[in-house]
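Report on the following structure.
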Protein chains: 2
Amino acid sequence: MDERERVLFERQAHICKALSDPKRIMIIHELREGERTVGDLVGALGLAQANLSQHLAVLRDKGLVVAQRRGNNVFYSLVSPKITEACDMVRQVLAEQFERSQELAGGLLADRK
Amino acid sequence: MDERERVLFERQAHICKALSDPKRIMIIHELREGERTVGDLVGALGLAQANLSQHLAVLRDKGLVVAQRRGNNVFYSLVSPKITEACDMVRQVLAEQFERSQELAGGLLADRK
DNA sequence: ATGCTATATTAGCATATATGCATAGACGGA
DNA sequence: TCCGTCTATGCATATATGCTAATATAGCAT
């Protein structure tokens, strides 16, 4: 495993870390519909403004969202649709996990009859 | 945002958290070639056995890998190819980030001449 | 049983992260 | 300029994470 690859893995890990908080996933989920102001997000997600702003800062630092100030508001949007796709793939992993646990549950019922 | 969705986001976050460490990404990268014993992984990745074992435990707990004992060895493998796909999508996000920074760098050079 | 190899777990420490609260900064309007 | 609104930052604290070293468990062979 060479050094270059090691660095890539590290950066990949950083991106995943940005996605590893439910509130940040909610933010991304909301932004997939289009750009939103901080106030919009506070309303939609019911988070405290300061807290939301901190999570937005994390997403900004990892390069997943961009902020544009327009007048009194700051509009956030996703840097790339790939981000949504990545989240969707993780969702699919999750879906498979549920399927597997349903199979197990089904097995239990089958044993019973 | 209903309760059900909130729970999903939390579980999604847990999966991402499992992917948010470079060593664990290396493990997954290695496992995409097929199943590996803990010893194989120690050799391939150059991690301390105890440390590796802990990371494997994380991946196990989050349901991303499975362990099967055969004789004296424990073989690990990915539960699903979707996991690899999810990692690949994250990699693509990373790739886009590099492209963007190259564009910026290109802009600098252009300004200079 | 004993010992050997392979793997897992525990404890302790250092570092990082999330959160709430208070406050600071930016912008538009009077 | 002063005010009100929108957004960001700093600080204190609680919790989580990763690492190492030591120890425990499981299976195989003698």
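None of the figures in this text is laboratory data; all of them are computed from the coordinates on show. The structure presented is a predicted model; accordingly, all values stated were derived computationally and were not measured. We place every Cβ from the backbone using ideal geometry, glycine too, and count neighbours over all the protein chains shown.
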Label geometry 7 Å along the beta-carbon vector: B:ASP88 inter-copy distances in nm: 1.5
With θ set to phi - 60° and the Karplus curve 6.51 cos²θ - 1.76 cosθ + 1.60, what are the ³J(HN,Hα) couplings of the range A:19-26 in order, to the nearest whole Hz, using x for Gly and Pro? 8, 9, 9, x, 5, 5, 5, 4
Only Cα pairs under 8 Å and at least 6 apart count here; give the relative contact order of chain A as a rounded whole percent. 23 percent
Within 10 Å of each Cβ in peptide B:75-82, how many partner chain Cβ atoms are there on average? Round it to a whole number, please. 3
Go through the range A:48-60 residue by residue and turn each phi into a ³J(HN,Hα) via Karplus (6.51, -1.76, 1.60, θ = phi - 60°); whole Hz please, and just put x for glycine and proline. 5, 4, 4, 4, 4, 4, 5, 5, 4, 5, 4, 5, 5
Please list B:48-54, A:89-95, A:38-44 highest first by mean number of surrounding beta-carbon atoms within 10 Å per residue. A:89-95, A:38-44, B:48-54
Taking the square root of 5 times each eigenvalue of the Cα gyration tensor, what semi-axes in Å does the equivalent ellipsoid of the range B:1-66 have, largest first? 28, 11, 9
Would you tell me the mean number of C-beta atoms belonging to other protein chains that fall within 10 Å of each C-beta in A:2-15, as a whole number? 5
Hey, what angle do you get for helix B:3-18 against the long axis of chain B, alpha-carbon based, 0 to 90 degrees rounded to 10? 90 degrees
Degrees between helix A:81-112 axis and first principal axis of chain A (Cα, 0 to 90, nearest 10): 20 degrees
Give me the Kirkwood hydrodynamic radius of the protein assembly as shown, using the inverse of the mean 1/r over all pairs of distinct Cα atoms, in Å to one decimal. 19.4 Å
Which whole number gives the average count of other chain Cβ atoms within 10 Å of the Cβ atoms across peptide B:21-33? 3
Copy-to-copy label separations for A:ASP40, where each label sits 7 Å from Cα toward Cβ, in nm and ascending: 4.8
Expressed in angstrom, Rg and Dmax over the Cα atoms of chain B are 18.6, 67
Inter-copy distances for A:ALA67, label 7 Å out on the Cα-Cβ vector, sorted ascending, nm, one decimal, are 4.3
Per DSSP helix of 4 or more residues, -39500 (n - 2.57); summed, then divided by the residues of chain B. What does that give at 222 nm, rounded to the nearest 500? -23000 deg cm²/dmol
